[in-house]
Structure formats: structure tokens, C-alpha cells
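This report concerns only the one structure given below.
The values are calculated or read from the model by the stated rules, or taken from the named source; none is laboratory data. Because the structure is predicted, anything quoted here is derived from the model rather than measured. Cβ: placed from backbone, ideal geometry, glycine included. Neighbour counts: every protein chain shown.
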Amino acid sequence: MPDHNESALSRWPVLRQVKNLDPLGLSNSAVSPRTESLAARTKKVDKVAASVCPYCAVGCGQLVYVKDEKIIDIEGDPASPISHGTLCPKGAATFQLVTGSNRVTNVLYRRPYGTKWETIPLDKAMDMVAERVKKTRDANWEGKSENGEPLRRTMAIAHLGGATLDNEENYLIKKLFTGLGIIQVENQARI
């Protein structure tokens, strides 16, 4: 570790390298008070959640670092058998996807036969979707077959999942939709 009372010239990295016989500058020659104070921003997080990259069907593992209920970083998961801690440029930019100032936080809605989009809150949009699912299900409910056998289903709603859904997400989707009487549930799971 360098002596901080030395003159500015003697603290010059090249002179430290020569003095320490460290031509590549890989040992104590590279140490400074600034580098000694550095620490990874993920060192003091509250929790780390394992996740899967949302971009494509490869399913690279990610670690989501959370502090004070906010995501502070997303990195590749070294324990992932698929990606071994590496991420493509899109996966490496996932942090900006969830925290970026350009992220859309409202929903654009165009009324039936409307010509203009209006901005509505996400909660209102979710309520509208739930109301329409219930209305469609109730209007097309099949309680019994022609022979009187119980069906308890609707054929008016179907679900086709994307390739980035993992087994756990598909399990929950299937449970939800089966509970609603939706039996046409398919996915393209690859992970």
C-alpha cells in the first residue's frame, strides 16, 4: 500500500510500478486511496432474487439486487446452467427496462370506434381487463354438455404463453385459467 505522505511525483503510477518491480501495474502499484474505498454497489443489498431474462427464449439466469424495496442492479446469474452468468446486450440492459425514466407507466387506451388514444392508469386498465374476462366467461359459460355431463368451462377465451415463461409461471397461469374455466391453455416453454 502506498505511503500517502509521499510527494505527488513519487505517487505517480509509473514510478510506483518501477519502484515495486511491477511492470504491468497489477499489484500494490495500482492501489490508491480511491481504489481502496471502492466496493460493489451490490455488496449491501437487502435481498437478491433469482430471475430469468424476459427478452428471448434462451432463458438466461439473472440476479436482481434489491435495497430499500428498489431494484439497484440486475446481473447475470453465475449459477445458471444456461448462461453461466453471462448476458447478451439486451439482457444486460434489463436494469434500464425496469428502472429507466423512459419506461411507460400508464396505459394507452382507445375506446371502441374512437380515433384518439387516451392515457389511463394501470390499475384502471387491469380492472377493465378483469371485467371483460368475467363478462366473456359468463356470456359463454358451458355448465353441462348436451347429455347433462358437467363441463364447467368456457371456450371463448384461450391463452398462448410466450417462450420466456418458466415452469413456475406456466403452472400459476394454468391454475388461474383452469379456475376461471378456461381450458385452452398452451405455451411455448423452452426452459
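A few points about this structure:
- Residues that are farther than 18 Å from Val48 by Cβ, surrounded by 13 or more Cβ atoms within 10 Å (Cβ to Cβ) and within 11 Å of the chain's Cα centre (by Cα) within the range 75-96 comprise just one, Ala93.
- Residue in the range 129-173 that is modelled with the lowest pLDDT, counting only those that are within 27 Å of Pro54 (Cα to Cα) and small (Gly, Ala, Ser): Ala163
- Among the residues making up the range 42-59, those that are closer than 27 Å to Gly161 by Cβ and not aromatic (Phe, Trp, Tyr) are Val48, Ala49, Ala50, Ser51, Val52, Cys53, Pro54, Cys56, Ala57, Val58, Gly59.
- Residue among Gln17, Gln62 that alone is surrounded by 14 or more Cβ atoms within 10 Å (Cβ to Cβ), modelled with pLDDT of 95 or more and either farther than 30 Å from Gly162 by Cβ or in contact with a Cys (Cβ under 6 Å, 6 or more places away or on another chain) (or both): Gln62
- From the options Leu38, Leu63, residue that is in contact with a strand residue (DSSP E or B) (Cβ under 7 Å, 6 or more places away or on another chain) and without any contact (Cβ under 8 Å) to a residue 24 or more places away in the chain: Leu63
- Members of the range 77-95 that are without any contact (Cβ under 8 Å) to a residue 40 or more places away in the chain and not small (Gly, Ala, Ser): Asp77, Pro78, Pro81, His84, Thr86, Leu87, Cys88, Pro89, Lys90, Phe95
- Among the residues of the range 40-76, the ones that are within 19 Å of Glu168 (Cβ to Cβ) and not aliphatic (A, V, I, L, M) come to 10 in all.
- Among the candidates Asn147, Asn167, Asn187, residue that is within 28 Å of Val58 (Cα to Cα), of a type in the set (S, T, N, Q) and surrounded by fewer than 12 Cβ atoms within 10 Å (Cβ to Cβ): Asn167
- Matching residues in the range 23-52 - criterion: being assigned to a loop (DSSP other than H, G, I, E, B), surrounded by 13 or more Cβ atoms within 10 Å (Cβ to Cβ) and modelled with pLDDT of 90 or more: Val45
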